[in-house]
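Trainee: My questions all concern the structure below.
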Amino acid sequence: MKTKTLKKNKVNVVTLGCAKNIFDSEVMMAQLKANAFDVEHESEKKDSEIVIINTCGFIDNAKEQSINTILAWAKEKKKGNVDRLIVTGCLSERYKPELEADIPEVDAFFGTRDLPRLLKTLKADYKHELVGERLLTTPAHYAYFKISEGCDRPCSFCAIPLMRGKHLSTPIESLVSQAENLAKNGTRELILIAQDLTYYGLDIYKDRKLAELLQRLSDVKGIDWIRLQYAFPSGFPMDVLDVMRERENICKYLDMPLQHASTSMLKAMRRGITKEKTTELIHTIREKVPGIAMRTTLICGYPGETEDDFEEMKEWVGDMRFDRLGCFTYSHEENTHAFKAEDDVPAEIKQARANEIMEVQSEISLELNEAKVGKKYRVLVDRVEGDRFIGRTEYDSPEVDNEVVIDPQGGYLRIGDFVDVEIDSAEHYDLFGKVI
Ligand code: SF4
């Protein structure tokens with residue numbers, strides 16, 4: 001049943017999941033545009049002939065969100081508001097046969113490394129000369145910057161290697177030219193992402209090359225901030241810390257998912273590190289890069305996690321005082337190593353433990369924020385909200401960390417500009433200040 005005329009060759013790309021998926025959607029959108037498609041990202045207009053959903057298949061909640069999004073667009077297709085519905089990304093990589101059987105309204109399913117085939121289905125060509133080019137979906141002044149694909153780590157709970165494959169680094173020269181292009185187009189902040197940043201180079205250069213890559217990117221004119229997300233603790237390349245300390249435009253910020261603090265849990269999770277070694281590493285990082293803000297992610301309710309394991313982790317979170325912390329409940333993922341174990345921690349206990357960790361963290365976050373009152377910070381303006389501007393310090397990554405609510409003092413600030421702000425009040429996860 002056709003209700004309206006859909007715009008020919010118009011594509012609406014919908015992205016779910018992590019920053020790596022955002023990066024992949026941006027690459028796909030650049031390829032589509034170069035093939036004369038009219039491309040939009042997450043348009044609500046429902047006037048596109050083609051909808052492509054880039055899905056996430058990481059854990060339960062993410063999978064559910066992806067399936068619900070596909071079903072919602074399948075309904076739109078039945079109503080005649082979409083001609084072609086295409087699904088790609090991690091969920092599709094992991095569950096293609098099941099999805100094909102369950103959701104016949106979808107015209108085609110593709111995996112995480114199928115862009116050329118997806119384009120072919122739309123009678124478009126994969127343009128090699130565009131490698132690294134993207135249509136940014138983030139505000140122009142910051143961009144996610146994927147330096148490698150896949151992961152070789154054996155973490156027992158993680159399905160990502162099943163969906164993203166083996167670790168594959170992008171060569172330094174290609175990354176530097178991507179960064180130069182982005183800088184030319186007004187990008188000032190590069191947010192380096194991967195499944196594991198610290199593994200960079202071990203495949204193509206047989207050596208850890210993250211420090212060298214950082215030096216090269218730091219030399220790119222126009223890039224004011226370089227941020228590191230998704231570092232792995234075991235085998236952490238210490239030379240990275242020297243570059244972070246020496247280079248002004250590398251944010252004093254490090255995201256390092258640690259997952260747990262009890263050594264028996266870390267062992268069961270196959271993380272290749274102990275509590276003592278983890279604690280030592282964090283102390284070393286804080287010594288070598290004074291003032292660095294550390295973000296981490298933890299999992300509660302892993303199979304076999306006892307009350308003691310949990311209490312040990314909770315106490316450790318209180319001692320380590322991370323600047324930023326997120327906490328997930330364990331998701332029992334088939335075909336992962338942990339799936340062989342019994343998922344023996346009840347869901348309500350998992351959730352209660354995660355809540356307790358976040359309660360401890362929110363008090364720490366408030367104390368750390370209150371200590372910033374009266375101080376001055378360089379803030380990157382991200383957006384405007386009413387008569388206030390919202391920005392971030394170098395200690396905050398977009399979407400996941402704190403924000404600064406800026407009083408422009410009667411002036412007008414340009415989005416994408418850096419301004420100096422004096423902090424005059426603080427809340428658990430936000431700072432408030434005026435331009436100086
Ligand atoms: S490092 Fe571990 S948790 Fe991270 S993507 Fe690789 S296997 Fe998964």
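The values are calculated or read from the model by the stated rules, or taken from the named source; none is laboratory data. Just so we're clear, the structure is a prediction, and the values are computed from it rather than from any experiment. Cβ placement follows ideal geometry from the backbone for every residue including glycine, while neighbour counts extend to all protein chains displayed. For accessibility, only protein heavy atoms count, side chains too; no ligands or nucleic acids. Shrake-Rupley method; radii C 1.70, N 1.55, O 1.52, S 1.80 Å.
Trainee: Is there a pair in Lys33/Lys123; Lys20/Lys45; Lys20/Lys166; Lys33/Lys79; Lys45/Lys75 whose C-alpha atoms are over 18 Å apart, and which pairs would that be?
Mentor: Check vs 18 Å cut-off fails for Lys20/Lys45; Lys33/Lys79.
Trainee: In Å and whole numbers, how far do the C-alpha atoms of segment 326-436 stretch along each principal axis, longest first?
Mentor: Answer, in whole Å and largest first: 60, 27, 22 Å.
Trainee: Between Ala140 and Lys184, what length in nm is gained on full extension when 0.36 nm per residue of separation is reduced by their alpha carbon distance?
Mentor: So the extension gain works out to 14.7 nm.
Trainee: While we're here: Taking the dipole about the Cα centre of segment 299-436, with the C-beta of Lys and Arg at +1 and of Asp and Glu at -1, give me whichever of Ser425, Met313, Tyr412 is farthest to the positive side.
Mentor: It is Tyr412, whose Cα lies furthest towards the positive end.
Trainee: State log₁₀ I(q)/I(0) for segment 279-325 at q = 0.19, 0.24, 0.29 Å⁻¹ as given by the Debye formula over alpha-carbon point scatterers of equal weight, solvent excluded.
Mentor: -0.68, -0.93, -1.13
Trainee: Among Asn61, Ile223, Thr274, whose Cα projects farthest towards the positive end of the dipole of the chain, with charges put on the beta-carbon of Lys, Arg (+1) and Asp, Glu (-1)?
Mentor: Towards the positive end, the residue furthest out is Ile223.
Trainee: Rounded, prolate or oblate, given the Cα gyration tensor of segment 98-153, with a/c below 1.5 counting as rounded?
Mentor: prolate
Trainee: Which net charge results for the neighbourhood of Ala74, defined as the other residues with beta-carbon distances under 11 angstrom from its beta-carbon, given Lys and Arg at +1 and Asp and Glu at -1?
Mentor: Result for the neighbourhood of Ala74: 0.
Trainee: Based on alpha-carbon atoms only, what is the radius of gyration of segment 234-291 relative to the globular estimate 2.2 N^0.38 Å?
Mentor: The value comes to 1.25.
Trainee: Just to confirm my numbers, what's the Cα centroid distance between segment 349-364 and segment 37-82 in Å?
Mentor: Segment 349-364 and segment 37-82 have Cα centres spaced 33 Å from each other.
Trainee: What is the local net charge at His141, summed over the other residues whose Cβ is closer than 12 Å to its Cβ (Lys, Arg +1; Asp, Glu -1)?
Mentor: 0
Trainee: Rounded, prolate or oblate: pick one for segment 178-312, where a ≥ b ≥ c are the square roots of the eigenvalues of its C-alpha gyration tensor, a/c under 1.5 means rounded, and failing that, prolate if a/b is larger than b/c, else oblate.
Mentor: Prolate, since a/c reaches 1.5 and a/b exceeds b/c.
Trainee: Next question. Mind listing the long-range amide H neighbours of Gly304? Cut-off is under 5 Å, sequence gap 5 or more, other chains count too, H placed in the peptide plane at 1.01 Å from N.
Mentor: Under 5 Å from the amide H of Gly304 lie the amide H atoms of Asp344, Val345, each far enough along the sequence or on another chain.
Trainee: I would also like to ask the following. Probe radius 1.4 Å, ligands and nucleic acids ignored: give me the carbon and sulfur share of the accessible area of the chain as a rounded percent.
Mentor: It is 51 percent, rounded to a whole number.
Trainee: In 20 Å bins starting at zero, report the fraction of Cα pairs in the chain per bin as a rounded %.
Mentor: Distribution as computed: 24, 56, 20, 0 percent.
Trainee: I'd like the isolated cysteines in the chain, meaning no second cysteine's beta-carbon lies under 4.7 angstrom from theirs.
Mentor: Lone cysteines by the Cβ rule: Cys18, Cys56, Cys90, Cys151, Cys251, Cys300, Cys327.
Trainee: Enumerate the whole-percent occupancy of each 10 Å bin, from 0 to the last occupied one, for all C-alpha pair distances of segment 1-120.
Mentor: 14, 50, 33, 4
Trainee: Additional query: State to the nearest 20 debye the size of the charge dipole of segment 339-394 about its Cα centre, where the only charges are +1 on K and R beta carbons and -1 on D and E beta carbons.
Mentor: Dipole of segment 339-394, to the nearest 20 debye: 540 debye.
Trainee: A follow-up question, please. Considering amide H positions built from the backbone, and no H for Pro or chain starts, which residues 5 or more places from Cys18, or on another chain, come under 5 Å of its amide H?
Mentor: Excluding prolines and chain starts, which carry no amide H, there are no hits.
Trainee: When the chain is modelled as a GNM with alpha-carbon springs shorter than 10 Å, which of Pro104, Pro154, Pro257 fluctuates the most?
Mentor: Pro104
Trainee: Hey, what's the Kirkwood Rh for segment 276-374 if you take every pair of different alpha carbons, in angstrom?
Mentor: 15.0
Trainee: So, for the chain, what is the accessible surface per residue at a probe of 1.4 Å, expressed in square angstrom?
Mentor: For the chain, the per-residue accessible area is 43 Å².
Trainee: Which order do Tyr144, Tyr412 take when ranked by solvent-accessible area (1.4 Å probe, heavy atoms of all protein chains), largest first?
Mentor: Putting Tyr144, Tyr412 in descending order of accessible area: Tyr412, Tyr144.
Trainee: Then there is this: Based solely on C-alpha atoms, express the radius of gyration and the Dmax of segment 47-179 in angstrom.
Mentor: Computed over the Cα atoms of segment 47-179, radius of gyration and Dmax are 16.4, 48 Å.
Trainee: Further, regarding this structure: Any idea of Thr138's accessible area? Nearest 10 Å², probe 1.4 Å.
Mentor: Using a 1.4 Å probe on the heavy atoms, I get roughly 20 Å².
Trainee: Sticking with this structure for a sec: Restricted to Cα positions, what overall size does segment 113-198 have along the principal axes? Three whole-Å values, descending.
Mentor: 41, 35, 24
Trainee: Please report how far the C-alpha centroid of segment 195-212 lies from that of segment 398-413, rounded to the nearest whole angstrom.
Mentor: What the calculation gives is 35 Å, centre to centre.
Trainee: Would you calculate, for the chain, the mean residue ellipticity at 222 nm contributed by helices, counting each DSSP H stretch of 4 or more residues as -39,500 (n - 2.57) and dividing by all residues, to the nearest 500?
Mentor: When only DSSP H runs of four or more count, the value is -10500 deg cm²/dmol.
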